[in-house]
Amino acid sequence: EFRRVLFRSKVSSESSVNYGFSVEVLGGGVAAAFSGPAGAFDAAASNFPSSVALSDGGTTAKLTKKGAYAILGQPIGSSGSVSFELVKDDKDDEASCFGVMSEAQLSSLPTALHEHDAPSGSAYIRCYNGRVRDSDHSKEDSSCKVHPGGTLRIEVEDGTATFFVNGKKHPHIAKGIRGPVRGFFFRYASSRDVTAKCTSLSLPQAAASGS
């Protein structure tokens, strides 16, 4: 038996998004796939909520303050992926980062993230130089810079995060990722706003029942 239902998930007071939930029952086991065409940012989860301007049903965020984060409302557990587009920044002088942040770190978000390793359990890429950082290691790849109009996909699987810039796999696979994590967008410029869009969020989940 295969059934597909849709429900509406309210992720903040400012935005909501529709997700599909598919359930397949095979031989007493249950497999579930939870995915949405786009995730919505939760302004209330930001360190500076009033500096996150949402549009497009909450999937696009403009950051109007240095050191501000836009955090997705839907967490990723042990596996899943999230994709972004950098909509607005200065080409070759980007002042933004994308990544996945451990929920344990949301209460103490660093406002100079780009200058340091990622907080424990987290990882990010700095758009300007294509450097991926986890909490222990980092590697820069100039071919993986994220320019305005560029896309980024982050795949989380079994404690790792793999970054793809415009479809190209970054050579550094971040380790030590501890879910649940939230996809995020970060601004460190003091002189200009930056804008990004979450273009997809895929969160497969599976559970098996006994015989």
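The values are calculated or read from the model by the stated rules, or taken from the named source; none is laboratory data. Model, not experiment: these values are computed from the prediction. As a convention, Cβ positions derive from the backbone with ideal geometry for all residues, glycine included, and neighbour counts pool all protein chains shown. Surface accessibility is based on the protein's heavy atoms, side chains included, excluding ligands, DNA and RNA. Shrake-Rupley method; radii C 1.70, N 1.55, O 1.52, S 1.80 Å.
A compact table of results
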| quantity | calculated |
| --- | --- |
| Total formal charge among the other residues, if their Cβ is under 12 angstrom from that of ILE71, Lys/Arg +1 and Asp/Glu -1 | -1 |
| Among PRO180, GLY150, SER202 - extreme Cα towards positive end, dipole of the stretch 106-211, charges at beta-carbon | GLY150 |
| Length released on extending from THR64 to HIS147, taking residue separation times 0.36 nm less the Cα-Cα span | 28.0 nm |
| Euclidean distance between Cα centres, the stretch 88-127 to the stretch 134-153, Å | 11 Å |
| Loop trypsin sites (Lys or Arg not before Pro), the stretch 50-130 (other Cβ atoms within 10 Å of the site Cβ: 10 or fewer; DSSP) | none |
| Solvent-accessible area per residue, Å², over the stretch 69-177 with all protein chains present [probe radius 1.4 Å] | 40 Å² |
| Pair SER55, PHE164: separation of 7 Å Cα→Cβ label points (nm) | 2.8 nm |
| Within-9-Å neighbourhood charge of GLY80 [Cβ basis; K, R +1; D, E -1] | -2 |
| Over the stretch 71-134, relative contact order from alpha-carbon pairs under 8 Å, at least 6 apart, % | 31 percent |
| GLU140-HIS116 FRET efficiency (beta carbon distance; Förster radius 22 Å; 0.05 resolution) | 0.90 |
